Amino acid sequence: MYKPIPYHIFAIAVYVCILAVCILALVFGLRAKRYVKKEKITALPRGFSPLDVQRIFIGKTYPRRLTRALIVHWAQAGYIRVEYVSRYRVKLVCLKMMPVHNSEDAAFFDRGTYVRERDIFRRVFDRSGMSVTVNINRPLITKIQAKTINESYAAREDEGVYSTAHYKLKVITFILSFAPFVLCGVYQCITSSFVGLFPIFMMMLGMFVFRFMRMIPFWFRFIWSAMWVVPAAALMLASFIRIFDPWGLAYASIAILIVGSYILVQFADLREKLNLADYSDLTNYRKFLLFSHRVDLQKIDYYEALPYLYAFRIKGLVKRKFAYDTLPDWFVSPSGERGSLL
C-alpha cells in the first residue's frame with residue numbers, strides 16, 4: 001500500500017545508503033592510487049617473488065595461479081633447471097633446495113611470503129637432484145596443500161598490508177549495500193503485512209552462505225544461494241509492482257545489493273601506510289613494463305622480468321618489445337624449442 005509520508009522517508013533512507021556506498025567506494029578505492037608517486041621504477045629488489053606481487057596488491061597469495069611465474073622465478077634464482085618436453089610440459093630438475101629464511105644465502109622481500117614459498121618448493125621437490133615433469137597450465141600443488149601451508153603459520157598473509165580497520169570498512173560497506181533491501185521489506189511490513197519479512201530472511205540466508213561459507217565448493221554454494229536469492233528478489237519486486245513506486249525502491253535496492261556487495265565492496269581498500277609505498281613501486285614498475293618503448297625494454301633482461309610479466313598478466317601485451325632470441329642458461333632444449341613457458 002502506498003502511503004506518501006512513510007514512503008518518502010524510506011526512499012530517502014534507501015538512497016542515503018546507496019550514496020554512502022558509492023562515496024566509500026570512490027574515496028577508499030582511489031586512496032591507494034593517490035599515493036602512487038610519479039617515478040620510474042625499472043627493476044624490483046633482489047629476491048622479489050611473484051607471490052609478493054599478489055600479496056602487495058590484494059593482501060593474499062594464490063600460488064596455484066602462478067605456476068609459470070614460479071617456475072621461471074625459481075630457475076632465475078638458480079634453484080632449478082628446466083628441460084623442454086612439449087609445448088605445455090617441462091621437466092623441472094632441482095639443483096638446490098631453497099635456504100631457510102635466516103640463512104645468509106636467503107634472498108627475499110617479505111619473510112612471511114618467502115617461508116610459504118619455500119614450503120611450496122619443498123612440496124614439489126623432496127631433495128636436491130630430484131626431477132618432476134609438470135604441465136605449466138596446471139597448479140604445482142593441490143588446494144589442500146596450499147591451505148595447509150597457509151594455515152601452518154600464525155601470522156596472516158595480509159599483515160602489513162591491511163589493518164583491522166580495513167575489514168571493518170568492508171563490513172560497513174556490505175551492511176550499507178544490504179540495508180536498502182531490508183528497508184524495502186520493513187516498509188512493506190509497516191504499510192501492508194508482515195509478508196515483507198520473508199524476502200529479507202531469504203536474501204540474508206542466500207547472501208550469507210555465498211559470501212561467508214567459503215569452505216563449500218563454489219558451484220554448489222552458487223546454486224544453493226541462487227535458490228534463495230532469486231526468489232527473494234522476485235518477491236520484493238512483486239510486492240512493489242502492485243503499489244505506486246515513483247522512486248523505484250525495489251529496483252534500486254536489488255541493484256545496490258548486487259553491485260555493492262560484490263563489486264563496490266572490492267573498492268573499500270584501507271591499506272597500511274608501509275604497504276602504500278610498496279604498492280606505489282609495484283604500480284610504477286608495471287607501468288614501466290606496459291608503456292615503455294621497445295628501445296627501453298630491450299635493455300632489460302627479458303627472463304628477469306618474465307616472472308613479473310606472468311604475475312601482472314601482461315606477458316602477451318609486452319613480450320614483443322623485449323629481446324628474447326637466445327634461450328636462458330637454465331632452459332635445456334636440444335632442438336631449440338621454446339614451448340609456451342618462454
Revision key, fill the gap. Checked pairs for region 1-25, first over 16 Å from LYS170 (Cα atoms), second open to solvent by 80 Å² or more (accessible area, probe 1.4 Å), C-beta under 7 Å and 6 or more apart or across chains, list as TYR2/PHE244; PRO6/ILE190; ALA11/TRP247
Point to revise | ARG286 being under 17 Å from the mean Cα position of the chain (by Cα) and free of Cβ contacts under 8 Å to residues at least 24 places away in the same chain | key: no
Check your understanding: Which one of the conditions (1) out of contact with any Pro (no Cβ under 7 Å at 6 or more places or on another chain); (2) part of a helix (DSSP H, G or I) does LEU70 fail to meet, given that it meets all the rest?
Key -> (1)
Check your understanding: How about region 29-54: which of its residues are assigned to a helix (DSSP H, G or I), closer than 30 Å to ARG89 by Cβ and open to solvent by 20 Å² or more (accessible area, probe 1.4 Å)?
Key -> GLN54
Point to revise | Selection status of ARG64, in contact with a Pro (Cβ under 7 Å, 6 or more places away or on another chain), open to solvent by 30 Å² or more (accessible area, probe 1.4 Å) and in a helix (DSSP H, G or I) | key: yes
Exercise for review: Could you tell me whether any residue of region 78-94 is surrounded by 15 or more Cβ atoms within 10 Å (Cβ to Cβ), free of Cβ contacts under 8 Å to residues at least 40 places away in the same chain and under 28 Å from ALA277 (Cα atoms)?
Suggested key: no
Practice item. Identify all residues within region 126-153 that are closer than 18 Å to CYS94 by Cα and in contact with a helix residue (DSSP H, G or I) (Cβ under 7 Å, 6 or more places away or on another chain); write none if there are none. Key: VAL132, ILE136, PRO139, LEU140, ILE141
Exercise for review: List the number of the failed condition for GLY339; all other conditions in (1) at positive phi; (2) part of a helix (DSSP H, G or I); (3) not polar (S, T, N, Q) hold.
Suggested key: (2)
Check your understanding: When residues of region 107-124 are filtered for being free of Cβ contacts under 8 Å to residues at least 40 places away in the same chain and surrounded by 15 or more Cβ atoms within 10 Å (Cβ to Cβ), how many remain?
Key -> 5
Review point. Can you tell me how many residues in region 233-259 are farther than 30 Å from GLN54 by Cβ and either open to solvent by 60 Å² or more (accessible area, probe 1.4 Å) or in contact (Cβ under 8 Å) with a residue 40 or more places away in the chain (or both)?
Key: 17
Review point. In region 260-310, how many residues are open to solvent by 40 Å² or more (accessible area, probe 1.4 Å), of a type in the set (Val, Ile, Thr) and part of a helix (DSSP H, G or I)?
Key: 1
Point to revise | Hey, TRP219 under 28 Å from LYS147 (Cα atoms) and among the hydrophobic types (A, V, I, L, M, F, W, C) or not | key: yes
Exercise for review: Identify the single condition in (1) over 29 Å from ILE58 (Cα atoms); (2) at pLDDT 80 or above; (3) touching a Gly at 6+ places or on another chain (Cβ under 6 Å); (4) open to solvent by less than 70 Å² (accessible area, probe 1.4 Å) that TRP228 does not satisfy, given that it satisfies every other one.
Suggested key: (4)
Exercise for review: Could you tell me whether region 104-115 includes any residue that is part of a loop (DSSP other than H, G, I, E, B), over 23 Å from TYR308 (Cβ atoms) and of a type in the set (A, V, I, L, M)?
Suggested key: no
Review point. Restricting attention to region 182-205, does a residue exist that is open to solvent by 40 Å² or more (accessible area, probe 1.4 Å), closer than 19 Å to LEU24 by Cβ and at pLDDT 75 or above?
Key: yes
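Quick one: which of PHE312, PHE240 is touching a helix residue (DSSP H, G or I) at 6+ places or on another chain (Cβ under 9 Å), more than 30 Å from LEU26 (Cα to Cα) and among the aromatic types (Phe, Trp, Tyr)?
None of the other options fit; the residue is PHE240.
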Exercise for review: Would you mind stating whether LEU140 is at pLDDT 85 or above and open to solvent by less than 40 Å² (accessible area, probe 1.4 Å)?
Suggested key: yes
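The values are calculated or read from the model by the stated rules, or taken from the named source; none is laboratory data. Note that the structure is predicted; figures quoted are calculated from it, not measured. No Cβ is skipped: glycine too gets one built from the backbone with ideal geometry, and neighbour counts run over all protein chains shown. Side chains are part of the model used for accessible areas, which takes the heavy atoms of the whole protein and leaves out ligands, DNA and RNA. Shrake-Rupley method; radii C 1.70, N 1.55, O 1.52, S 1.80 Å.
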